[in-house]
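Report on one structure; see the data block that follows.
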Amino acid sequence: MWQWKRRAVSQSTGLGCGYIVRMGLLLMVLLVVNSVLVMMLLQSNEVFAADLRIKQTLQFVLPVGLIFVEFWLFDLIRRTSRW
């Protein structure tokens, strides 16, 4: 006879509303920090300040791209360290 098998849920997986809230807050903080870093980079470099279209594109694309890189690194470290 066929029986349901229970899957063991590990404690390292994020489940529920608390996990979503924590990740949302982390995302907001990282986006603000990345935006400040990109603004500092663009203000210190005169090459990008010459063309307004390039500067505005970089002000939007770089912080969002950094978010993906930071979460990728977070997942990579989480997998390799097993905490």
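If you check MET28 against the conditions, is it exposed (fewer than 13 other Cβ atoms within 10 Å of the Cβ), assigned to a helix (DSSP H, G or I) and either in contact with a helix residue (DSSP H, G or I) (Cβ under 8 Å, 6 or more places away or on another chain) or among the aliphatic types (A, V, I, L, M) (or both)? When the stated conditions are applied, MET28 passes them.
Here region 40-71 is the region considered, the condition is being among the aliphatic types (A, V, I, L, M) and surrounded by 14 or more Cβ atoms within 10 Å (Cβ to Cβ), and the residue that is farthest from ARG22 (Cα to Cα) is LEU42.
The numbers here are math on the coordinates, done by the rules we state, and not lab data. The structure displayed is predicted, hence computed values, not measured ones. Please note: Cβ atoms are built from the backbone with ideal geometry, for glycine as well, and neighbour counts cover all protein chains shown.
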